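Only one structure is covered here, and it is reproduced in the block below.
The values are calculated or read from the model by the stated rules, or taken from the named source; none is laboratory data. Everything quoted here is computed from the prediction, not taken from an experiment. So basically every Cβ, Gly included, is an ideal-geometry build from the backbone, and we count neighbours across all protein chains shown.
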Amino acid sequence: MPNTLSPDDPNLVHATARLRRNLWVWAILFLAMAGLVYQTLGPAHLLRVAPWLAAAILLALGRQPAYLALVSIFWGLTLINLVPGSEAALGANPLAASLGSKPLEILGYAIIQAIMMVTSWNQFMFYRMLYGTQGATGLDPDSPLIPEVIPNRTDRLAWSARLLGVASLIAAISAIPLARTGGFAWAVEAGLGLSVFAIGLGLGSAYSPTRKRSRALVGILLGAVGFAICLAVNQAFGGSGS
């Protein structure tokens, strides 16, 4: 039987401190993105700002490793903004509008965002071990077991992911009849924001020790469907952030 490390083990203490610092760094970057989106799109598109701001607050106040999966999904899905012609489905691209839209600049944004997406995902895969490795598969059988250093809230996060997925789907579906009158922008923007949280928190829960993995997977599925519907509505009716 491998030994179980003490929660006071210096390596675990240092890892917990590094997790906290990383979450703070991402919170600051997300707050900067919220400011950039607001500066670019203005008060008419506060629902484009709200997800970045809400995530920044969540990262600053919480210390769940699962939040790093949410960070990765944010950067990953915003890469769609850099695809030529994506304005028709997602509205105006804040980065291109404020920093430049030449091909080399767009390529630079894409590389930076891809690096941040991969970095945050790798951080999640590492720091999720602070939830404890008892019962984990695929580990070296001779490695010492890690106790639960960070209180595991993934069951709650899985439930939240499912709830957010339902909300994103409702917002996306409500945008369809609203599109006939032209007042669908708020529903699309709300649906996109909610779906990012549903997918991110769902993945963070599903890839962590949790008893509610099925709820997390449902949240991911509902969020993905809501995201796709929002893109389709925006594509068909002219974009919400133009």
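Would you confirm, using the coordinates I've provided, whether Ala69 is in a helix (DSSP H, G or I), at pLDDT 90 or above, within 18 Å of the chain's Cα centre (by Cα) and farther than 14 Å from Leu203 by Cα? Please lay out each step first, then the result.
Details: in a helix (DSSP H, G or I): yes; at pLDDT 90 or above: yes; within 18 Å of the chain's Cα centre (by Cα): yes; farther than 14 Å from Leu203 by Cα: no.
Criteria not met by Ala69.
Only a single item in (1) buried (at least 24 other Cβ atoms within 10 Å of the Cβ); (2) free of Cβ contacts under 8 Å to residues at least 60 places away in the same chain; (3) in contact with a Ser or Thr (Cβ under 6 Å, 6 or more places away or on another chain) is not met by Thr210, and it is number (1).
Have a look at Ser120, Ser168 and point out the one that is under 21 Å from Met33 (Cα atoms), assigned to a helix (DSSP H, G or I) and either of a type outside the set (S, T, N, Q) or at pLDDT 90 or above (or both). Steps first, answer last, please.
Numbers: Ser168 fails: under 21 Å from Met33 (Cα atoms).
After ruling out the rest, the residue left standing is Ser120.
Please go through the stretch 213-226 and give me each residue that is surrounded by fewer than 24 Cβ atoms within 10 Å (Cβ to Cβ) and within 16 Å of Ile173 (Cα to Cα), ordered by number. If the condition is that a residue be surrounded by fewer than 24 Cβ atoms within 10 Å (Cβ to Cβ) and within 16 Å of Ile173 (Cα to Cα), then Leu221, Ala224, Val225 are the ones that fit.
Would you mention how many residues in the stretch 208-238 are charged (D, E, K, R) and assigned to a loop (DSSP other than H, G, I, E, B)?
Pass one, the stretch 208-238, residues charged (D, E, K, R): 211-213, 215.
Subsequent filtering for residues that are assigned to a loop (DSSP other than H, G, I, E, B) retains 211-212.
Here the count works out to 2.
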